[in-house]
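So the structure is just underneath, and the comments pick up after that.
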Amino acid sequence: MALLEATIRLIPGVLGSDESTGEESFEHGLLEYPHYTRPAEWEGRSVPDVLLSGHHARIETWRREQALHITRERRPDMLAERTDASCAAQPH
């Protein structure tokens, strides 16, 4: 199933947009940032305010910071392999 899914996604138009795969895990050498959906609050957990702000630059910054944090926590080896020293050198 995983092989089929990975292969089918390569067929143009299957995902609806070529941009759909641009922000997936490992696409930029980092794990993915957290994803949220409706409702804005669920089981006592709220969507971060920045994601509700509509400010695209701040949202992008938040996503990158979250991706770095998650990668640092779960796969520090991925950061060690990067040539981008700003990613590997950032503290927690």
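When restricted to residues that are in contact (Cβ under 8 Å) with a residue 12 or more places away in the chain and within 17 Å of R82 (Cα to Cα), the stretch 27-61 contains 5. Suppose the filter is among the charged types (D, E, K, R), within 26 Å of E81 (Cα to Cα) and modelled with pLDDT of 90 or more; does R64 pass it? So R64 passes the test. Taking the listed residues A2, A6, the one that is loosely packed, with under 12 Cβ neighbours inside 10 Å, within 26 Å of P76 (Cβ to Cβ) and modelled with pLDDT of 85 or more is A2, with no other qualifying.
The values are calculated or read from the model by the stated rules, or taken from the named source; none is laboratory data. From a predicted model like this one, the values you see are computed outputs, not experimental measurements. Heads up, the Cβs are rebuilt from the backbone with ideal geometry, glycines too, and the neighbour counts pull from every protein chain shown.
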